[in-house]
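These notes concern the structure reproduced below.
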Amino acid sequence: MSYLNQEKIMIDKSYSQVALFFRSVLFLILSNAAIIIYCFFVIAALPFPLRYRHAIIRHFFRLFMFMLKTICLIDYEIEGIENVPKNRNGIVLSKHQSTWETFFIPMYFHDPAAIAKRELLWIPFFGWGLAASKPITINRSSKTSAMQQIIKKGKEYLDAGRWIMVFPEGTRMPVGVVGHYKLGGARLASATGYPVVPVAHNAGIYWPKRKFIKNPGTIRVVIGPLIESKGKEAEDILNEAKTWIENTMTRINRLVDEPPGK
């Protein structure tokens, strides 16, 4: 399913591809250096409560966004920030187009737990930092199913006041393509009674999947209203979140398609 004519995408063409390439190289070098430095700080904070590690991680993400804006000229604007509840937590179901949203979500949904394969924790620096954030890891060799592992650990983390970060499409989808929405996050919501907050964005236009060069511009992010899950089947929760996300994506990309001043 496609909701956007990719030929109509409007990005800033005032920079040459050569200039954008060198900006992307500089960003890669500095961001990787920052990951290594912050990784040591996070590991050093292991004896302290989890909230201190997440505070360090959020600080890194803010630096990351600053470098992205300064070097690659990519900024973002948020609509619906008031929909992030101050006295409740739950499951974030987000559109997945880019690497960008994995850095954005933890800045606004504090102490989130990502769902990750256990093998990712073995990657030097990145994996070590991920491990220190205490994610929900899936052990494929376990006799317990992946969904049972997610529900058991997810409920534990939700009861502790943490958010759970889920990308229901499972993998980054190209701009204009709607992936197959999986039930995992919705099943967790249905089983625990915690609400869902949907998130739509068009980061894939400016930080495309499997593309090295990043395009200058402003990412549009929309945070949707809370979706209650108590008494609902997982299929109904997912359908409600997917409908909101994809309808919002159509609206976001219609704004991108229109020339300035329209």
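The values are calculated or read from the model by the stated rules, or taken from the named source; none is laboratory data. All figures in this text were calculated on a predicted structure; none of them were measured in a lab. Neighbour counts are summed over all protein chains in view; Cβ atoms, including those assigned to glycine, are modelled from backbone coordinates with ideal geometry. Note: areas computed on protein heavy atoms with side chains; ligands, DNA, RNA excluded. Shrake-Rupley method; radii C 1.70, N 1.55, O 1.52, S 1.80 Å.
Against the condition under 28 Å from ARG51 (Cβ atoms), open to solvent by 30 Å² or more (accessible area, probe 1.4 Å) and without any contact (Cβ under 8 Å) to a residue 40 or more places away in the chain, how does LYS211 come out, does it pass?
Numbers: under 28 Å from ARG51 (Cβ atoms): no; open to solvent by 30 Å² or more (accessible area, probe 1.4 Å): yes; without any contact (Cβ under 8 Å) to a residue 40 or more places away in the chain: yes.
No, not satisfied.
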Among (1) outside any loop (DSSP other than H, G, I, E, B); (2) more than 15 Å from HIS96 (Cα to Cα) - the single one ARG220 does not satisfy: (2)
The lone exception for ASN89 - which of (1) surrounded by fewer than 19 Cβ atoms within 10 Å (Cβ to Cβ); (2) touching a residue at least 24 places away in the same chain (Cβ under 8 Å) it fails: (1)
Near pairs, Cβ below 9 angstrom, 6+ apart or cross-chain, from the stretch 186-202 (open to solvent by 10 Å² or more (accessible area, probe 1.4 Å)) to any residue that is in a strand (DSSP E or B): THR192/ILE91; TYR194/ILE91; TYR194/ILE164
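Just to be sure, is TRP128 in contact (Cβ under 8 Å) with a residue 24 or more places away in the chain, open to solvent by 50 Å² or more (accessible area, probe 1.4 Å) and more than 17 Å from the chain's Cα centre (by Cα)?
Details: in contact (Cβ under 8 Å) with a residue 24 or more places away in the chain: yes; open to solvent by 50 Å² or more (accessible area, probe 1.4 Å): yes; more than 17 Å from the chain's Cα centre (by Cα): yes.
Yes, satisfied.
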Selection from the stretch 127-170 of residues that are among the aromatic types (Phe, Trp, Tyr) and modelled with pLDDT of 90 or more: TYR157, TRP163, PHE167
Qualifying residue in the stretch 181-202 (condition: out of contact with any strand residue (DSSP E or B) (no Cβ under 8 Å at 6 or more places or on another chain), among the polar types (S, T, N, Q) and assigned to a helix (DSSP H, G or I)): yes
Pairs where the first residue, in the stretch 32-52, is free of Cβ contacts under 8 Å to residues at least 12 places away in the same chain and the second is open to solvent by less than 80 Å² (accessible area, probe 1.4 Å) and outside any helix (DSSP H, G or I), C-beta under 8 Å, 6+ apart: TYR52/ALA45
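Of ALA241, ALA234, which residue is surrounded by fewer than 19 Cβ atoms within 10 Å (Cβ to Cβ) and either within 23 Å of GLY161 (Cα to Cα) or more than 19 Å from the chain's Cα centre (by Cα) (or both)? Spell out the reasoning first.
Numbers: ALA241 fails: surrounded by fewer than 19 Cβ atoms within 10 Å (Cβ to Cβ).
After applying the criteria, what remains is ALA234.
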